[in-house]
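Input: a single structure, listed below in structure tokens.
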Amino acid sequence: MVYSEKFYVGFSDVGPDLKITNASILRLFENASCLQGEAVGDGYHDSFGRWFLTAYSVKVFKRPEYNDFVTVNTWSRELKGFTASREFELYGADGSLAAVALSNWARMNTAVGKLERMAPEVFARYESEPLRHNFDDAWLPKLRDCADYSIEREITAGRLLIDPNGHVNNVRYLDIASEIIPEDVYKKGEADRFEITYRKAIAYGETVRCLYSETPESYTVTIKSDNLKDTMAIIRLYKNGFSTDNTSVL
């Protein structure tokens, strides 16, 4: 079943060019998936089951602008054990396809702090669409740590980054990355192609180290624990996805 919802692109959703930012696109996707969960009886108040993101791959073709009304389509693509794959489509005010995304998730029972399988009767309500897809494989490979880093900064997860689950919200990882990348990269604007691997949640008050690296193909921000032993997340912005007018086709 494809779940569809309309959203308004407000002033807080856009950058200096008045076009929607990547963080705002992910926020729309997050809200659409939550709304579908509520619609099928798998919402926040229905059980202790929560879906936590493990990976994202996003491609932007054309950016909706301030004051646009846009449409998000989302659907469950595949369920495997306690993991799930979900896709998204963002359509602009003119009805054209503006962006697509593939996401992978893991389900956890927050009452006991353990991974859990979704009940078959609940999963059936999602009416998965395994044959409908914009990405060949339903499962994203995990991004690997970079060998060398040119910038290192320390960040403490304050209240502005935390969601109701008590850890840094998945959208906020892009905000963290934007604080770490060099000014010349930041001024290029939003990346039209990016990927995120989420490995370990960052709790409120936790201090992490953000490491920046650059290759001929990409800019990468790796977020590690304060002692550098654990990788919390990897955010990769692809260079061939940057464009000043944000109308590249990937």
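Scanning the stretch 44-78 for residues that are at pLDDT 95 or above and of a type in the set (G, A, S) turns up A55, S57, S76. Among the residues of the stretch 223-237, the one identified as surrounded by fewer than 18 Cβ atoms within 10 Å (Cβ to Cβ) and either of a type in the set (K, R) or under 15 Å from the mean Cα position of the chain (by Cα) (or both) is K229. Filtered by the rule that a residue be in contact with an Asp or Glu (Cβ under 8 Å, 6 or more places away or on another chain), within 12 Å of A99 (Cα to Cα) and of a type outside the set (F, W, Y), the stretch 29-73 gives S57, V58, K59, V60, R63, T71, V72, N73. C146: at pLDDT below 95, over 28 Å from F88 (Cα atoms) and among the hydrophobic types (A, V, I, L, M, F, W, C), yes or no? Spelling it out, C146 is indeed at pLDDT below 95, over 28 Å from F88 (Cα atoms) and among the hydrophobic types (A, V, I, L, M, F, W, C). Consider T54 carefully, then state whether it is more than 20 Å from N109 (Cα to Cα), hydroxyl-bearing (S, T, Y) and buried (at least 17 other Cβ atoms within 10 Å of the Cβ). When the stated conditions are applied, T54 does not pass them.
The values are calculated or read from the model by the stated rules, or taken from the named source; none is laboratory data. Note that the structure is a prediction, hence the values are computed from the model and not measured. Neighbour counts are summed over all protein chains in view; Cβ atoms, including those assigned to glycine, are modelled from backbone coordinates with ideal geometry.
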